[in-house]
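Trainee: So that we are looking at the same thing, I have put the structure below in C-alpha cells.
The values are calculated or read from the model by the stated rules, or taken from the named source; none is laboratory data. Quick caveat: nothing in here was measured; it's all calculated off a predicted structure. As a convention, Cβ positions derive from the backbone with ideal geometry for all residues, glycine included, and neighbour counts pool all protein chains shown.
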Amino acid sequence: MTLKHPEPIAYGIERSRLLVTLARFENDLQCDNMFFYDEKDYTCSHSVSQDTRELSMITFETRDGYDVVALNLGLRCSRTPGHMDMTVYCPYWMVNKTGLRLAYKVSFWRQSA
C-alpha cells in the first residue's frame, strides 16, 4: 500500500469542535486529533501505516491543572484494496440511570511476585 497524500490534510466537523490533521511522514501518516468534551480540549497524536493492527488503542489527553487526564479509545482499521477506513470507538459502555454525573476511573493494582 502506498500513501499518496504528500500535502497535509486538515478538516473539522461543524458544531463538534473536532479537528483532524493528517501529514505524511516517510511511509506513515501522522494523525493529530483534537476534540472538546466535558469542558476540556483532548488531543491525540498517532501514526498510521500499512502495518497498523486492525484493532488498537489510542489515548487522548487533556490537562486539568497540573494533572494529565487520559481518555483511552479504540481504533479499528479496516482495509480494502485502495483505501483504509479508520473508526474511533469507545470500548466500553457505562449506563448512568442516577441522574448524577459519573466518572470512570482505572485503578492500577500490582500483584507482588
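Trainee: Taking the criterion of being among the aromatic types (Phe, Trp, Tyr) and modelled with pLDDT under 75, would at least one residue in the range 95-106 satisfy it?
Mentor: So in the range 95-106, the residues among the aromatic types (Phe, Trp, Tyr) come out as 104.
Remaining after also requiring modelled with pLDDT under 75: 104.
Within the range 95-106, one or more residues are among the aromatic types (Phe, Trp, Tyr) and modelled with pLDDT under 75.
Trainee: Taking the condition within 23 Å of ALA103 (Cα to Cα), modelled with pLDDT under 85 and of a type in the set (A, V, I, L, M), does MET34 pass?
Mentor: yes
Trainee: Let me ask something else about it. Give the range 64-89 a look and list any residue that's in contact with an Asp or Glu (Cβ under 9 Å, 6 or more places away or on another chain) and of a type in the set (D, E, K, R), or say none. So that I can check it myself, show each step before the final result.
Mentor: Kept after step one, since they are in contact with an Asp or Glu (Cβ under 9 Å, 6 or more places away or on another chain), are these residues of the range 64-89: 68-71, 76-79.
Within the range 64-89, ARG76, ARG79 qualify.
Trainee: How many residues does the range 64-89 contain that are exposed (fewer than 12 other Cβ atoms within 10 Å of the Cβ) and charged (D, E, K, R)?
Mentor: Of the residues in the range 64-89, 3 are exposed (fewer than 12 other Cβ atoms within 10 Å of the Cβ) and charged (D, E, K, R).
Trainee: Applying the selection to the range 35-63, what residues are out of contact with any Cys (no Cβ under 9 Å at 6 or more places or on another chain), within 21 Å of HIS83 (Cα to Cα) and surrounded by 12 or more Cβ atoms within 10 Å (Cβ to Cβ)?
Mentor: Answer for the range 35-63, where residues must be out of contact with any Cys (no Cβ under 9 Å at 6 or more places or on another chain), within 21 Å of HIS83 (Cα to Cα) and surrounded by 12 or more Cβ atoms within 10 Å (Cβ to Cβ): SER49, GLN50.
Trainee: Within the set of pairs 6 or more residues apart or between chains, which connect a residue that is free of Cβ contacts under 8 Å to residues at least 60 places away in the same chain inside the range 93-104 to a residue that is loosely packed, with under 10 Cβ neighbours inside 10 Å and polar (S, T, N, Q) with Cβ atoms less than 6 Å apart?
Mentor: Partner pairs satisfying both residue conditions: LEU102/ASN96.
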